[in-house]
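Since the structure comes first, as C-alpha cells, the remarks are kept for the end.
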Amino acid sequence: MKCFTNTSIRCIHLYTLCFLSPILWAAGTTLTFDGKDTGTHIGEAKRIHPWKEVVLDKEYGGQWIVCGDVDSDGQVEIVSAENVNENDVHYTSAVAAQNLEGKVLWRWGNPAIGRKIWHHDVACQIHDWDGDGQAEVVLCTQEAIVELDGKTGKENRRIEIARDAADCLVFCDLKGIGRASDVLVKNRYHRIWAYDQQGELLWSVTDPGGYRTAHQPRPVDIDGDGKDEIMAGYSLLNPDGSVRWTYKSNTVDQNRGHLDCMRVFRMAQRPEDIRLALTCCGANNLAIIDGNGKTIWEISGHHFESIDIGPVLPKAGSAQIVVDIDHQPMGNSPVWIIDENGKHHARITTDYSRHHTLVDWTGDGLCEILIAHNRAMYDQQGKRIATLATPLSSDPEMQHYESSILIGDMDGDKVPDIMIATPQTLSIFRNEHGKPIKELPLGTEPNFTLY
C-alpha cells in the first residue's frame with residue numbers, strides 16, 4: 001500500500017511516549033488512541049543512526065534541500081539553498097550541489113546576502129524542464145527564473161519575472177504534452193504567473209475567485225484530459241488560467257486567511273468521485289471536497305496546517321488524513337488522524353508537530369508517522385518505536401530553527417528513505433524493510449513543499 005503526502009508519494013512515522021487508553025472525544029467519538037509525547041523522551045524506542053550524514057556547504061548551502069540525479073551518473077545528489085527575506089518578499093540567493101559523500105560539485109549565487117534557515121518554501125527545484133533526460137536546477141532569484149545546468153551549475157538562461165514573484169516554483173503540464181513543461185511562480189498571497197519552457201507568459205491571475213492564493217499552487221488533472229488544472233487557493237483554475245470553480249465553506253469565513261494545504265485524497269475518473277483535502281489558514285478549517293468543488297464535510301475550530309495522506313490505521317479505510325494543528329504553545333502540538341468520512345480516530349501530541357511525513361518503514365503496508373522536531377517514529381498504536389539520531393548544530397545561532405523532514409529514494413532501490421535537514425547537515429536514514437514503489441522517482445518528490 002502506498003503512502004501519499006506533500007507533493008506526491010510519502011509515508012510518515014508518528015511517535016508517542018504516553019499511550020493512553022481510548023477516551024471519549026468531546027464530539028462523542030471514541031479515539032483509538034490519544035497519546036502524549038512531550039519533554040525529554042525516556043523509553044524503549046530504539047535509535048536509528050544515519051546511513052549517510054552530509055555536512056552542507058558552509059558558504060552556499062542552506063536548509064532548503066531537494067535531491068535528484070543532477071549530473072546523470074545514476075546516483076542522487078543534494079541541492080541546498082540559501083534565501084533572502086525582505087518584508088515577506090523573498091528569493092533564492094545561493095545554491096550548492098553536493099554528492100552523498102559531501103563533495104561539492106558546483107556553487108551558484110551570492111552567499112553573503114542570504115540566510116541558511118527558512119520560514120517558507122524556497123523557490124529551488126530539480127526538474128528535467130526541456131525533456132532531454134537530464135535534470136536542471138531551476139530557481140527564482142530576484143526578478144528572474146534561472147535555469148542551471150545540473151552537471152556544472154552554469155546558467156543556461158534567465159526569464160524575467162516580477163520582483164516579488166519568487167515566492168515558490170511549481171512545474172506543471174498546462175498543454176497536455178505528457179510532461180511538466182510549464183512553470184508557475186507567484187508572489188506571497190495574491191498573484192500567480194504561468195510561463196512555458198521557452199519563457200513566454202501564458203497567463204496570470206490575481207486573487208483567484210476573490211481569495212488569496214495558497215502557499216504553493218497544486219497541479220491536478222481533474223477531468224482526465226491530460227492537462228493540469230491548478231488549485232491556486234480556494235479556486236481551481238483551468239489550464240488557461242480561468243477559474244473553473246471556487247470552494248465555498250459552509251462553516252467559516254474564508255477571507256480570514258488563505259488555503260494552507262491541498263492534497264489529493266483520492267483520484268477517480270469522474271470529478272464528483274475525486275476527493276481533495278484542504279486546510280484553511282486563519283479560517284481554522286479542515287475540509288474534504290470533490291473534484292467539482294462541492295463540500296463533502298468540514299471540521300472547524302483549529303488551525304489545521306499540513307496534510308499527509310496514507311494508510312496509517314488498519315481498520316479505518318484504505319487511507320487516512322494525518323494533519324497537524326499549528327499555532328499552539330510548545331508542548332501542546334497535536335497531530336490528528338482522520339478518515340475519509342471525517343471521523344477523528346486518533347491523536348498524538350508532541351512538543352512541536354508542525355513538520356511531519358509518512359513512510360512504510362516496516363514493510364507491512366501501513367505507514368508510520370514521522371515528526372521532524374523530536375525525530376520520532378510512531379506506529380499504528382501511537383507508540384514511539386524509534387528515534388532518528390541526528391547531530392545538533394554547534395552554532396548557538398542555529399539552535400532556533402524548525403527541522404525539515406523529507407522522503408525520497410536516496411539509494412536507487414525504489415524504496416522511500418527518510419531525511420532530516422538542519423541548516424548545517426542532512427542526515428539520511430536508509431529504509432531497509434519498506435516495499436519498492438514502481439513510480440517513485442530518484443531523490444525527493446517533484447515540486448517539494450513545506451506545506
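The values are calculated or read from the model by the stated rules, or taken from the named source; none is laboratory data. All values derive from a computational prediction rather than experimental measurement. Cβ sites come from the backbone with ideal geometry, for glycine too, and all protein chains shown count toward neighbours. Remember, those area values only see protein heavy atoms, side chains included, never the ligands or the DNA or RNA. Shrake-Rupley method; radii C 1.70, N 1.55, O 1.52, S 1.80 Å.
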Candidates 148, 174 - the one that is touching a residue at least 60 places away in the same chain (Cβ under 8 Å) and in contact with a strand residue (DSSP E or B) (Cβ under 7 Å, 6 or more places away or on another chain): 174
Selection from the stretch 195-207 of residues that are touching a Lys or Arg at 6+ places or on another chain (Cβ under 9 Å), of a type outside the set (D, E, K, R), surrounded by 14 or more Cβ atoms within 10 Å (Cβ to Cβ) and closer than 30 Å to residue 252 by Cβ: 204, 205
Residue satisfying condition, being over 25 Å from residue 417 (Cβ atoms) and over 24 Å from the mean Cα position of the chain (by Cα), within set 94, 144, 112: 112
Residue 301, sole failed condition from (1) more than 23 Å from the chain's Cα centre (by Cα); (2) modelled with pLDDT under 95; (3) open to solvent by 20 Å² or more (accessible area, probe 1.4 Å): (2)
Residue count for the stretch 304-321, restricted to those that are over 21 Å from the mean Cα position of the chain (by Cα) and closer than 20 Å to residue 234 by Cβ: 0
Residues that are open to solvent by 40 Å² or more (accessible area, probe 1.4 Å) and not β-branched (Val, Ile, Thr), drawn from the stretch 78-98: 85, 86, 87, 88
Residue list for the stretch 198-222, filter: assigned to a loop (DSSP other than H, G, I, E, B) and more than 24 Å from the chain's Cα centre (by Cα): 198, 199, 200
Hey, residue 212 farther than 30 Å from residue 311 by Cβ, among the charged types (D, E, K, R) and modelled with pLDDT of 95 or more or not: yes
Some residue of the stretch 276-293 being open to solvent by 10 Å² or more (accessible area, probe 1.4 Å), out of contact with any helix residue (DSSP H, G or I) (no Cβ under 9 Å at 6 or more places or on another chain) and free of Cβ contacts under 8 Å to residues at least 12 places away in the same chain: no
Failed condition for residue 47, given (1) in contact with a Ser or Thr (Cβ under 8 Å, 6 or more places away or on another chain); (2) outside any loop (DSSP other than H, G, I, E, B); (3) buried (at least 18 other Cβ atoms within 10 Å of the Cβ): (3)
The stretch 213-239: number of residues that are open to solvent by 10 Å² or more (accessible area, probe 1.4 Å), among the acidic types (Asp, Glu) and either under 17 Å from residue 290 (Cα atoms) or free of Cβ contacts under 8 Å to residues at least 40 places away in the same chain (or both): 3
Output for the stretch 241-291, where each listed residue is farther than 16 Å from residue 229 by Cα and of a type in the set (S, T, N, Q): 249, 250, 251, 254, 255, 279, 284, 285
Unmet requirement for residue 265, which otherwise passes all of (1) out of contact with any helix residue (DSSP H, G or I) (no Cβ under 9 Å at 6 or more places or on another chain); (2) open to solvent by less than 10 Å² (accessible area, probe 1.4 Å): (2)
Matching residues in the stretch 413-443 - criterion: being within 18 Å of residue 57 (Cβ to Cβ) and open to solvent by 10 Å² or more (accessible area, probe 1.4 Å): 424, 425
Some residue of the stretch 61-77 being acidic (Asp, Glu), modelled with pLDDT of 95 or more, in a strand (DSSP E or B) and open to solvent by less than 40 Å² (accessible area, probe 1.4 Å): yes
Yes/no for residue 311 being open to solvent by 10 Å² or more (accessible area, probe 1.4 Å) and at negative phi: no
Breaking point among (1) without any contact (Cβ under 8 Å) to a residue 40 or more places away in the chain; (2) out of contact with any His (no Cβ under 7 Å at 6 or more places or on another chain), for residue 248: (1)
Elements of type strands (runs of 3 or more DSSP E) in the stretch 110-194, at least 3 residues being surrounded by fewer than 20 Cβ atoms within 10 Å (Cβ to Cβ) and among the aliphatic types (A, V, I, L, M): none
